[in-house]
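Novice: Quick one: this structure, given as structure tokens, is what I'll be asking you about.
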Amino acid sequence: MNIIQLLHPKALIDYVYDDTTCRQALEIMGNHGFTAVPVISHEGEYIRTLAEGDLLWFMINNELGGRKELEQYSISDVNIKRNVQVKPVSVASSIDDVLLMLINQNFVPVIDDRKMFIGIITRSDVLKYCHGRLKESAGATDNKEYERAEGFEQDE
């Protein structure tokens with residue numbers, strides 16, 4: 001399977017630029033209920049993923065008291081100290097590569113051969129795809145008994 005079929009294109013998702021203020025990034029995450037967002041350059045290159053925990057630790061380490069103080073800093077000022085680094089995959093990657101990465105993160109950034117950010121693939125979309133493949137391989141496309149036994153419910 002080509003992973004492009006699961007891609008949420010850059011034009012349809014939220015991301016931030018590396019010179020976005022920390023306050024703006026926090027508000028984007030809060031307004032949309034995200035725990036992380038991709039960070040890209042103005043040229044379109046994927047730089048990293050910023051998590052709300054990164055902002056929290058930045059505030060603690062710099063003894064910042066609130067959102068107002070975050071206006072003074074850009075995302076490029078925030079160091080990532082997580083054990084799990086979110087690395088992008090190439091658009092030519094396999095679904096297996098993506099699946100393994102989604103064990104530790106909610107989405108995988110996707111880049112083209114020029115290293116330009118083109119979108120994300122979410123954990124939920126890959127799980128839906130894998131579920132569909134399991135149903136096909138079990139020969140139970142419309143089998144409600146199979147779905148109940150596996151703990152899945154069909155959307156109606």
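The values are calculated or read from the model by the stated rules, or taken from the named source; none is laboratory data. Because the structure is predicted, anything quoted here is derived from the model rather than measured. Here the Cβ positions follow ideal geometry from the backbone for every residue, glycine too, while neighbour counts run over all protein chains shown.
Novice: Test of understanding: among S137, S74, S90, S124, which residue is crowded, with 17+ Cβ neighbours inside 10 Å and of a type outside the set (K, R)?
Specialist: Values: S137 fails: crowded, with 17+ Cβ neighbours inside 10 Å; S90 fails: crowded, with 17+ Cβ neighbours inside 10 Å; S124 fails: crowded, with 17+ Cβ neighbours inside 10 Å.
Only one candidate qualifies: S74.
Novice: Another question about this same structure. Just a yes or no: is a residue in the range 38-61 assigned to a strand (DSSP E or B), modelled with pLDDT of 95 or more and in contact with a Leu (Cβ under 6 Å, 6 or more places away or on another chain)?
Specialist: Yes - at least one qualifying residue is present in the range 38-61.
Novice: Scan the range 99-119 residue by residue and report those that are surrounded by fewer than 21 Cβ atoms within 10 Å (Cβ to Cβ) and either over 23 Å from E52 (Cβ atoms) or touching a residue at least 40 places away in the same chain (Cβ under 8 Å) (or both).
Specialist: L99, L100, Q105, N106, I111, D112, D113, R114, K115, M116, I118, listed by residue number.
Novice: Right, another one. Quick check on R23: is it crowded, with 17+ Cβ neighbours inside 10 Å and either of a type in the set (V, I, T) or more than 17 Å from the chain's Cα centre (by Cα) (or both)?
Specialist: On the way: crowded, with 17+ Cβ neighbours inside 10 Å: yes; either of a type in the set (V, I, T) or more than 17 Å from the chain's Cα centre (by Cα) (or both): yes.
Yes: the conditions hold for R23.
Novice: Sticking with this one: Taking the range 73-90 only, how many residues are at pLDDT 90 or above and either in a helix (DSSP H, G or I) or in contact with a Ser or Thr (Cβ under 8 Å, 6 or more places away or on another chain) (or both)?
Specialist: Residues of the range 73-90 that are at pLDDT 90 or above, as a first pass: 73-78, 88-90.
After this cut, where a residue has to be either in a helix (DSSP H, G or I) or in contact with a Ser or Thr (Cβ under 8 Å, 6 or more places away or on another chain) (or both) as well, the list is 73-77.
Total meeting the criteria: 5.
Novice: Here's a follow-up. Kindly indicate whether any position in the range 64-72 is farther than 21 Å from F34 by Cα, at pLDDT below 90 and part of a loop (DSSP other than H, G, I, E, B).
Specialist: First, the residues of the range 64-72 that are farther than 21 Å from F34 by Cα: 64-65, 69, 72.
Now drop any that are not at pLDDT below 90, which leaves 65.
From what's left, part of a loop (DSSP other than H, G, I, E, B): 65.
Within the range 64-72, one or more residues are farther than 21 Å from F34 by Cα, at pLDDT below 90 and part of a loop (DSSP other than H, G, I, E, B).
Novice: Name the residues in the range 20-44 that are under 18 Å from G65 (Cβ atoms) and among the small types (G, A, S), would you?
Specialist: Once the filter is applied, which keeps residues that are under 18 Å from G65 (Cβ atoms) and among the small types (G, A, S), the range 20-44 yields A25, G30.
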